[in-house]
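Q: Once you've had a glance at the structure underneath, I'll fire off some questions.
The values are calculated or read from the model by the stated rules, or taken from the named source; none is laboratory data. Keep in mind that this is a model prediction, so the values were computed, not measured. No Cβ is skipped: glycine too gets one built from the backbone with ideal geometry, and neighbour counts run over all protein chains shown. Accessible surface is based on the protein model in full, side chains and every heavy atom, while ligands, DNA and RNA are left aside. Shrake-Rupley method; radii C 1.70, N 1.55, O 1.52, S 1.80 Å.
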Amino acid sequence: MSKSPDDIRSISIESLNHILLKNKFPLYRSKQIKNWTTKIDIKSFDEMLNLPRDLINFLKKNFKLNHAEILSVQKSSDKTVKYAIKLHDGLVIESVLITSNDRITACVSSQVGCSLDCNFCATSQLKRMRNLEAYEIFDQIMILNKESINYFSSSISNIVFMGMGEPLLNYKNVIESIDYITSDYGIGISYKKITVSTSGISKMIKKMADDNVKFNLAVSLHSAIEHTRNKIMPFSKSFPIKDLVESLEYWYEKTKRRITFEYLIWNNINDDFNHINALVSICKRIPSKINLIEYNSIGNSNFESADEIWINNYLNILKDNKIPVSVRRSRGKDIQAACGQLANKH
């Protein structure tokens, strides 16, 4: 059985240069092709109007031009918009546009489903079908940017990899997509406006530091006590807190950029002073800020939001220790678009 042709966008510019020269096409055609492939409205090689017919026929014979499309749109009462996006193979991811003040944030996915098993997250209940290719992540962001302009008359201002999947388990494609979206081919957004959120893959955090990435890092912590974290995030048994803290210290040493800890507070799980003090201890070792996140129920009776008094206890003690902290209220709960709710229920 012959191998299916590659999508043209999965071919590096260097490889494309080589292929064109080998087949006696001028080198400058390579940039023209790449320019066309960044346009989300282009569905076939025939639409690449400045290419000669013999080159178009060559591309049609040797490559594919896959594309994604919006399957459904849901709008929240708070103006959050959730998209189900169908990929070329029929699989579906979810993405969200969130507006606040003068900011429009795109929450994007990196995998179809998720590789991890966080008990409080709806996405983790989905089987991981596959990683997204770099061009699929790029397509997703370009689609969201077009929608942002349509709905809010403004381009995306921020990007967070906090949708479906664990970005650091699709590292190569996530990095490639970020490099692309920040380039002239993309929307020219600054690396400083991009945040990659991880559940704590220690060795990959060190690799990011060694690769001198320019974007921001967020870590879903939720407990700085080992046995609690293992209970709510079973995969973390393979990534002990000691190793996670060491990797974050290494990150800061290399990048000099502060980490954001994302932290949910649940009733009878981490709503006590031992958990608060453990969090303070880690924050004193690692320059960081804390986002206390409102929990969004997914129907698991083991997880209930803590009383407001415990949110205030966290706030007050963290502030007393001069640790930057804020409470992030959920957006899009009425359409299951809030943190931890993406589960392809469209």
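Q: Which one, (i) 168; (ii) 198; (iii) 149, gives volume of the Cα convex hull per residue in Å³ as derived from the coordinates shown?
A: Of the labelled values, this structure produces (iii).
Q: With label points built 7 Å along Cα→Cβ from the Cα atoms of K24 and E47, find their separation and express it in nm.
A: My value for the distance between the label points is 3.1 nm.
Q: May I ask you to give the percent of accessible area on the stretch 50-95 that is carbon plus sulfur, with a probe radius of 1.4 Å? Could the numbers behind the result be given before it?
A: Values: 1060 of 2200 Å².
Percent of accessible area from carbon and sulfur atoms in the stretch 50-95: 48.
Q: Now for a separate question. Given the whole protein assembly as supplied and a 1.4 Å probe, what does the accessible area of C107 come to in Å², nearest 10?
A: 20
Q: A further question follows. Efficiency by 1/(1 + (r/R0)^6): what FRET value for D272 and S10, r their Cβ-Cβ distance, R0 = 56 Å, to the nearest 0.05? Please list the in-between numbers first.
A: Details: r = 49 Å, r/R0 = 0.88.
E between D272 and S10, to the nearest 0.05, is 0.70.
Q: Based on Cα positions only, what radius of gyration and what Dmax would you give for the stretch 1-107, in angstroms?
A: Rg then Dmax for the stretch 1-107, in Å: 18.0, 56.
Q: Still on this structure: Any chance you could give the angle, 0 to 90 degrees and rounded to 10, that helix 241-255 forms with the longest Cα principal axis of the chain?
A: For 241-255 against the chain, the angle is about 60 degrees.
Q: Using the Kirkwood formula on the Cα atoms of the stretch 81-205, what hydrodynamic radius do you get, in angstrom to one decimal? Each step should come with its number before you reach the end.
A: Details: mean 1/r = 0.0684 Å⁻¹.
Result for the stretch 81-205 stands at 14.6 Å.
Q: If you average the C-alpha positions of the stretch 40-83 and of the stretch 125-165 separately, how far apart do those two centres end up, in angstrom?
A: 15
Q: If r is the Cβ-Cβ distance from R258 to L71 and R0 is 41 Å, what FRET efficiency results, to the nearest 0.05? Could the numbers behind the result be given before it?
A: On the way: r = 38 Å, r/R0 = 0.92.
Once rounded, the FRET efficiency stands at 0.65.
Q: Which part of the stretch 241-267 falls in the paramagnetic zone of S326, meaning amide N under 20 Å from the point 7 Å along Cα-to-beta-carbon?
A: 257-265
Q: Still on this model: Once you keep just the Cα pairs under 8 angstrom separated by 6 or more residues, what percentage relative contact order results for the chain? Show your work: numbers first, answer last.
A: Numbers: 617 pairs, mean separation 49.7, N = 346.
Relative contact order here is 14 percent.
Q: Sticking with this one: I'd like to check one number: the per residue accessible area of the chain, probe 1.4 Å, reported in Å² as a whole number. Provide the component values of the computation, followed by the final result.
A: On the way: 16190 Å² over 346 residues.
Result: 47 Å² of accessible area for each residue.
Q: Still on this model: Helix 134-152: angle to the longest alpha-carbon principal axis of the chain, degrees 0 to 90, nearest 10?
A: 80
Q: On a 0 to 90 degree scale, rounded to 10, what angle separates helix 171-181 from the longest Cα axis of the chain?
A: Relative to the chain, helix 171-181 is tipped by roughly 70 degrees.
Q: Using 7 Å Cα-to-Cβ label points, what is the K39/N312 separation (nm, one decimal)?
A: 5.8
Q: Please calculate the 1.4 Å probe accessible area of E304, with all protein chains present, and give it to the nearest 10 Å².
A: My reading of the accessible area for E304 is about 100 Å².
Q: Given an 8 Å cut-off on Cα distances and at least 6 residues of separation, report the relative contact order of the stretch 1-141 as a percent. All intermediate terms of the calculation are to be shown ahead of the outcome.
A: Numbers: 180 pairs, mean separation 23.0, N = 141.
Result for the stretch 1-141 is 16 percent.
Q: Next question. In terms of solvent-accessible area of protein heavy atoms at a 1.4 angstrom probe, what is the ranking of D210, D78, highest value first? Each step should come with its number before you reach the end.
A: Details: D210 85, D78 45 Å².
Heavy-atom accessible area, descending, gives D210, D78.
Q: Could I have the simple spin-label model distance between K60 and K146, label points 7 Å from Cα toward Cβ, reported in nm to one decimal?
A: If labels sit at K60 and K146, their model points lie 2.2 nm apart.
Q: Y185 to S305: FRET efficiency via 1/(1 + (r/R0)^6), r the Cβ-Cβ distance, R0 35 Å, to the nearest 0.05?
A: Working: r = 43 Å, r/R0 = 1.22.
In this case the efficiency is close to 0.25.
Q: To continue, here is another question. Hey, which lysines would be in cross-link range of K22, C-alpha to C-alpha under 25 Å, not counting anything within fewer than 8 residues on its own chain?
A: Hits, sequence-local ones excluded: K3, K31, K34, K60, K61, K64.
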